[in-house]
Each structure stands twice: as structure tokens, then as C-alpha cells.
There are 2 protein chains.
Amino acid sequence: MTTINDIARLANVSRSTVSRCLNNNGYVSEEAKERIDKVIKETGYMPSQSAQTLRTKKSGVVGVILPKISTETASRVVSGINAVLQNNGFQLLLTDTSLDPAKEIEFIRLLQAKHVDGIILLATNTEKELLQAIEASKVPIVALGQEIPNIASVTYSDYAATQDMLAYFLEKGHKHIGYIGVYEEDPAVGVIRKQAFMDKMKQLDLVLKDNWVEQGDFSIESGYEAMKRMVESDKSNLPTAVFVATDNMAIGTMQYLKEASYRIPADIAVGSIGASTLSAFVEPTLTTVDFLNEEAGERVATLMLQAFNGKKNTEKLRHSYRLIKRDSV
Amino acid sequence: MTTINDIARLANVSRSTVSRCLNNNGYVSEEAKERIDKVIKETGYMPSQSAQTLRTKKSGVVGVILPKISTETASRVVSGINAVLQNNGFQLLLTDTSLDPAKEIEFIRLLQAKHVDGIILLATNTEKELLQAIEASKVPIVALGQEIPNIASVTYSDYAATQDMLAYFLEKGHKHIGYIGVYEEDPAVGVIRKQAFMDKMKQLDLVLKDNWVEQGDFSIESGYEAMKRMVESDKSNLPTAVFVATDNMAIGTMQYLKEASYRIPADIAVGSIGASTLSAFVEPTLTTVDFLNEEAGERVATLMLQAFNGKKNTEKLRHSYRLIKRDSV
DNA sequence: TTCTTTTGTGGAATCGATACCACATTTTAG
DNA sequence: CTAAAATGTGGTATCGATTCCACAAAAGAA
């Protein structure tokens, strides 16, 4: 590997001059500059990032902590983040926690040892240990999807979107509405969406039978099973619509309903959140909410850049959304 | 940030001893070890990766060059790669070329400046400049999806899979078969799949009208347009089946056919390659080939690990596949 | 007992960059 | 015409680790 010393020697200047030329700060004469540029071109020299990082404490790398790397949401978000950061000369270091909260903490520390300039966290919980690890971090951390005390974040409009969907159900004449959600360790998806649902139901004074509320684990199968449990618990007394917390579970829900010969939406309508590609192609097409993940990714990335520019902020941005009305409601 | 010097001072030993203890090589007494471990635990010290990298030339990071970060294939592959490498203590540095061949080359050089230990390349072409950049690389490079001279790779079974699909068409009684492919800069998808198709057609002595061959650009829309062109060019003389090079284009193809009131597969059957999630949910469900991307990712990652262990190999692995017979044929 | 060998430790060089400082030379100002 | 400011360059310390070498003390062998 050619180093800055080789360049200095070949161009007949000191290492300092090469460095000044590279970073164009300080004075460098035209002749020197030309000689150096020529040598650099010839040798294909690129400065060693690790040496630069060691010296300057800047690596040009941003760490991203994802709950699961191979989901549509993750890849959209990453794409948005990458679009912004790559343009600003940053690379992404991806880590996948496989939904293991302990790993979130581990990675926060590991990424710091790697001297990332910042961390973008797609958290799935807000446990105390996590908050401590964040607090202790030497590099800026921004969050996407969950609101976390003292740090800047972009969050989705879980509350508003859920209520909008309910309003839309009502508009379509539904008064008996069921709910399929996820576990409550996940504040955004598990807690807020459910809260929004419950609040709205109470506000509208609608009945909600106990067996109209079910829970899954994000997977298509779990949506299938949840709906099955709901139907089998009391066939004579079913809701005319079901709000499902995620697209995938909604697709499972629809699978079961079709198998059990319920017509969608005539017998039971289904609405959810996610706007997965799939949602546009299932039969019937799924009414859902687009959280504009890619845009949201761009937005956290922008927040990250702002943090780099010294702006100490703990801004909490709520990202917009779009209700996509299709055939399932 | 606490450094190795702080640890040395607090534990009352020299920096060398701490280092030896950390890497457990050389002699360290039990007492010293205990004191050091205690101090490390208390301070939460982690060695600076950039200093280590600078000194040892090993970064624990593997670069991945992707044509496009937010595709289902990419995320499956990355997930497979990550599963293997993360377990072996490596992190992934992702780059997205946005299908720009110049960026592939740029990233190969950039990643080296970042001192990645190796590069996994999902190439979209095999142009001379790219091969030169690979040749010039100081770190091991392995490829996925394209066969590249002198380097180890995992490639998909494009040829065999295409011919298998044709055989299946025949089995179902189709003799008039059309083809929708992509541009030929892409050796794997553009050239080999087409070659396999043409070879088999010739071998079976089947007629192939000029207007039965069309081209798209991987997108759903381009599949729609390609099929439209085929149909409109000569409605009275259409194939009874179409092989489409990718799932997405096949889905576009089916969209057009349905709009134009052709029944699938009764009037025209459709088969493709990709096994996207979508393919299982469209109406009718799409007959396709599963290239087992995640497994393939694990496999290149393993190849990468072997390269780290000094095994100089240029093995060319062909990954297996599965024909998924569904309703569109 | 004396001579090797093993065990344990610290000093110093090194990796490849940056940045501060000192110094020389040129340019500009008063 | 001299003082001050601007320009250009090299020397050297430094970032935080690893690693080789020298050396001392303890253990084992002769």
C-alpha cells in the first residue's frame, strides 16, 4: 500500500505539505500542488482511513442498528438513510439485532469502539439499560420509529394513523371493530397503536367484546392464527371489521378469512399499517397506511448530519403518512 | 474515551502487559491479569478499532457492494452474509451503486482505503475496468451472482433453471413459447438466461417468432410494457406461454395479460425466476424458481472466511435452486 | 552450586495520517 | 526603506494500539 510518505518522497516535498495539499488547508504552492497531484494520480494513492480516524476521531462511517435486516421496512429505511449519507461522504455500518434487546446495547458499544461518527437506532424497546447505554454514548445517536428521551428522533404517526383508519372504518359503516396487535414491549407498534384504537373506541362509545382483541408477533402466520382464534371463540358474534397492527399480520388475517369463507370486506373488512408491496397485490387489495419509510430514513439521516454540525438537538419529529384506501374495507 | 494507557496506569502495569493480556499471547501473571480485568470491567474499556487496524491491518469489517440496497434479493442476500460474518466477529459495510458500473469500481477502491478485510461483490457486469480494479485489489474479493475470472464466486444456476422451466412448460403441453429478458450488459440475467432459452428451443426444434422475444429493465412496469408490445405486434399469432427473466417483470406481464382479458394459464402461461414474496400472492400464483438467496449469501460469506484463512482459491460454486410450481403455468 | 530455561515485565519503535510550531522567503503597507 | 503581514515548507509530537527486544527473577537441570 502506498502511504503519504511515499507520495512525499516521490513529489519531493515533506509529508506535511502533502497532508496540507490533500486537505487543502494551509499554504501550498502551485508547483508543489501539481507535483503532488500527479504522483497521487499515478500511484492511485488513497489515505488510510484508520490512520485518519485515529488522528482526527472522524471515520466517515455511521452505524445503523436494525432489528432485522431482511424486512421490507428495513430495506426501505436503509435505502433512504444511505441516499442522504452516501451523498455526504459517509458509509453505513449495518448491524442486525435479530430482535434481541441485549444486542442493541452491545452494538451501541461496539460501534463506538469502531469509531463510527454516529449511530442511527431503530429501537424495538425503551428499557432502562438501553437508555443508559444511549446516555453513555460518546457519539451522537438518533432514533427512528421510537421516541427516546433526550435524543433526536423521527417517529411514525402511529396514533394518528390508527385513528384515521378507524374513522375510515366508520365512514364505511362499521361499528363493530376488532383489533389484532403485537406484544407491548414495543412501545410504538404494541402500545401506541393499541392505545389509539382503544381511545377512539371509547370516544366514539363503540362496543368492544373481549374476544375481539388478539395478539400476534409480526408474522403472517401469527395474523392467521390470531384471526382464527377470534373467529372460533364466538362465531355468532364477530366484528364487521378488524384493524391489524401490521400488513403482514393483516395478510395472514385475510388468508384465514378467505379459507373460512368469509367475504372481504362484505363480511369482515380488514385494514392495517405498513403499505408493503404485498398489500397492493393480495386479493382483495389491502387498505393500509403508508408510513413513507424511505423518506423517514432520509429524515433521520438529515438529523444525523445536523448532529455532526454541532447542533445539539433533541428534536422529536413526527413523520407524515398516507392512508391508502383499497378493496379490503 | 479510556485508552490502553489509562488501563495500564490504573492497573499499575505497562501498556505492553495490558496488550498481552488483551490478546492473551505472551506471559502475564495471574495477579496482573486479575488487576487488569478488574480495571477493564470498571471502566468499560474497549480498544480503539482504528488504532488496532492501523497497527495490525485487520479491521473486522467486510465491505459489500450492492447494485441496489432496497430490493428483496439484496436484503435476503445481506441477511445471509450477515448471519455468517456477524457470528465470526465481522461487521458489514454496505455500499449501493444504484446500478452504476462506475461506482462499483470506485467502491472497490474506497473500501480498501477504509481497510476492510475483504469485499463481497454483487456485480452487474464484467467490464474490463471492473476486472482491473479487482485484479489490483489488495484485499480478497469474492463475487455473488456473476462469474468473474480468477476470483472465488457463488453463482446462481441461471442456465439450468431456465431450461428446467422450459421443460416444465413442455410438460404442460406448451410448444409456442415467448421470452422476456433484460439488457445484455448483465451476463447472468441478460445473457445466460437468454442463451439457455435459445439453446433449449433450438435443441427441441421449437419455432420462435421474432416478435415473441422482448426486453425489459427489471421493473414491473417494463414487464407490463414488454408483454403489451408482444401482444400488440401480432394478436393472431401469440405464444401459449412466456418465460420472463425476473419475477417483477413477470408480475407486470401478468398485469397486462389480465387487463387485456387473457386467462392465465389457459390462454397464456407465465413462468419466471426469483421466488419473490409477491409471487406467492399474485393472482394466479406465479410459477417461479427459488434461487435460495439467503443461503447463497451464507455461502459467499463462508468463501470470504476461507479467503481470510489464507486459502487462496478461485473456486466457482454454483448454487442450487428449486422450481416452484404454482398456478400460472 | 552453577548454568539453562521458563516466566514475567517494561521500553521503544512502529503503523499512517494530522497539526502545531518554527523558520525562511516573499509581498504589502506605512 | 523598513516593519509587518502573508506565503510556503519542513520538523516533530501525537492519536492508541501491537510487537520485538532486553532484562530480571524464578524454576529446573546438570
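The values are calculated or read from the model by the stated rules, or taken from the named source; none is laboratory data. None of the values given here were measured: they were computed from a predicted structure. Heads up, the Cβs are rebuilt from the backbone with ideal geometry, glycines too, and the neighbour counts pull from every protein chain shown. Accessible surface is based on the protein model in full, side chains and every heavy atom, while ligands, DNA and RNA are left aside. Shrake-Rupley method; radii C 1.70, N 1.55, O 1.52, S 1.80 Å.
Got a sec? Which of B:Ala188, B:Ala196, B:Ala133, B:Ala123 is assigned to a loop (DSSP other than H, G, I, E, B) and touching an Asp or Glu at 6+ places or on another chain (Cβ under 9 Å)?
Numbers: B:Ala188 fails: assigned to a loop (DSSP other than H, G, I, E, B); B:Ala196 fails: assigned to a loop (DSSP other than H, G, I, E, B); B:Ala133 fails: assigned to a loop (DSSP other than H, G, I, E, B).
Going through B:Ala188, B:Ala196, B:Ala133, B:Ala123 in turn, the sole match is B:Ala123.
Within the group A:Ser16, A:Ser50, A:Ser29, which residue is within 12 Å of DNA strand D (Cβ to nearest atom), hydroxyl-bearing (Ser, Thr, Tyr), free of Cβ contacts under 8 Å to residues at least 24 places away in the same chain and at the interface with chain B (Cβ under 9 Å from one of its Cβ atoms)? Write out each step before concluding.
Working: A:Ser16 fails: at the interface with chain B (Cβ under 9 Å from one of its Cβ atoms); A:Ser29 fails: at the interface with chain B (Cβ under 9 Å from one of its Cβ atoms).
Answer to the check: A:Ser50.
Are any of the residues in the range B:163-184 farther than 22 Å from B:Ile251 by Cα and assigned to a strand (DSSP E or B)?
no
In the range A:266-286, what count of residues is obtained for those that are over 21 Å from the mean Cα position of the chain (by Cα) and farther than 17 Å from A:Leu323 by Cβ?
Of the residues in the range A:266-286, 6 are over 21 Å from the mean Cα position of the chain (by Cα) and farther than 17 Å from A:Leu323 by Cβ.
Which condition does B:Ala196 not pass, out of (1) open to solvent by 80 Å² or more (accessible area, probe 1.4 Å); (2) in contact with a Ser or Thr (Cβ under 8 Å, 6 or more places away or on another chain); (3) not polar (S, T, N, Q), if it passes all the others?
B:Ala196 satisfies all of (1) open to solvent by 80 Å² or more (accessible area, probe 1.4 Å); (2) in contact with a Ser or Thr (Cβ under 8 Å, 6 or more places away or on another chain); (3) not polar (S, T, N, Q) except (1).
Which of the residues spanning the range B:113-144 are more than 22 Å from B:Gly310 (Cβ to Cβ) and in contact (Cβ under 8 Å) with a residue 60 or more places away in the chain?
Within the range B:113-144, B:Thr124, B:Asn125, B:Thr126 qualify.
When the range A:200-209 is examined, which residues are found to be in a helix (DSSP H, G or I) and farther than 21 Å from A:Gly274 by Cβ? If you could, list the steps in order and put the result at the bottom.
Initial filter on the range A:200-209 (in a helix (DSSP H, G or I)): A:200-204.
The answer is A:Met201, A:Lys202, A:Gln203, A:Leu204.
Condition first: more than 9 Å from every other protein chain (Cβ to nearest Cβ) and buried (at least 21 other Cβ atoms within 10 Å of the Cβ). Now tell me which residues in the range B:53-63 satisfy that.
B:Val62, the sole residue that qualifies.
Report yes if B:Leu93 is more than 9 Å from chain A (Cβ to nearest Cβ) and surrounded by 20 or more Cβ atoms within 10 Å (Cβ to Cβ), otherwise no.
Numbers: more than 9 Å from chain A (Cβ to nearest Cβ): no; surrounded by 20 or more Cβ atoms within 10 Å (Cβ to Cβ): yes.
In short, no.
Only one of these is farther than 19 Å from B:Val154 by Cβ, within 11 Å of chain A (Cβ to nearest Cβ), open to solvent by 50 Å² or more (accessible area, probe 1.4 Å) and of a type in the set (Gly, Ala, Ser): B:Ser70, B:Ser98. Name it. So that I can check it myself, show each step before the final result.
Details: B:Ser70 fails: open to solvent by 50 Å² or more (accessible area, probe 1.4 Å).
Criteria check complete, one pass: B:Ser98.
If you check B:Leu10 against the conditions, is it closer than 28 Å to B:Val116 by Cβ and either near DNA strand D (Cβ under 7 Å from one of its atoms) or more than 14 Å from chain A (Cβ to nearest Cβ) (or both)? Talk me through it step by step, then tell me what you get.
Details: closer than 28 Å to B:Val116 by Cβ: no; either near DNA strand D (Cβ under 7 Å from one of its atoms) or more than 14 Å from chain A (Cβ to nearest Cβ) (or both): yes.
Spelling it out, it is not the case that B:Leu10 is closer than 28 Å to B:Val116 by Cβ and either near DNA strand D (Cβ under 7 Å from one of its atoms) or more than 14 Å from chain A (Cβ to nearest Cβ) (or both).
Scanning the range B:33-54 for residues that are among the aliphatic types (A, V, I, L, M) and within 23 Å of A:Ser137 (Cβ to Cβ), which turns out farthest from DNA strand C (Cβ to nearest atom)? Even if it seems obvious, please write down each step before you answer.
From the range B:33-54, those among the aliphatic types (A, V, I, L, M) are B:36, B:39-40, B:46, B:51, B:54; that's our starting set.
Among the residues that remain, those that are also within 23 Å of A:Ser137 (Cβ to Cβ) are: B:39-40, B:46, B:51.
On the way: B:Val39: 13, B:Ile40: 15, B:Met46: 18, B:Ala51: 7 Å.
Only one residue tops the list, namely B:Met46.
Could you tell me how many of the residues in the range B:101-120 are open to solvent by 20 Å² or more (accessible area, probe 1.4 Å), within 16 Å of DNA strand C (Cβ to nearest atom) and part of a helix (DSSP H, G or I)?
Counting residues in the range B:101-120 that are open to solvent by 20 Å² or more (accessible area, probe 1.4 Å), within 16 Å of DNA strand C (Cβ to nearest atom) and part of a helix (DSSP H, G or I) gives 3.
Quick one: which residue in A:Leu238, A:Leu292, A:Leu317 is more than 14 Å from chain B (Cβ to nearest Cβ) and closer than 25 Å to A:Val154 by Cα?
Details: A:Leu238 fails: closer than 25 Å to A:Val154 by Cα; A:Leu292 fails: more than 14 Å from chain B (Cβ to nearest Cβ).
Exactly one of A:Leu238, A:Leu292, A:Leu317 is more than 14 Å from chain B (Cβ to nearest Cβ) and closer than 25 Å to A:Val154 by Cα, namely A:Leu317.
Could you grab me the full set of residues in the range B:126-172 that are open to solvent by 50 Å² or more (accessible area, probe 1.4 Å) and under 26 Å from B:Arg326 (Cβ atoms)?
B:Tyr159, B:Asp164, B:Leu170, B:Glu171, B:Lys172
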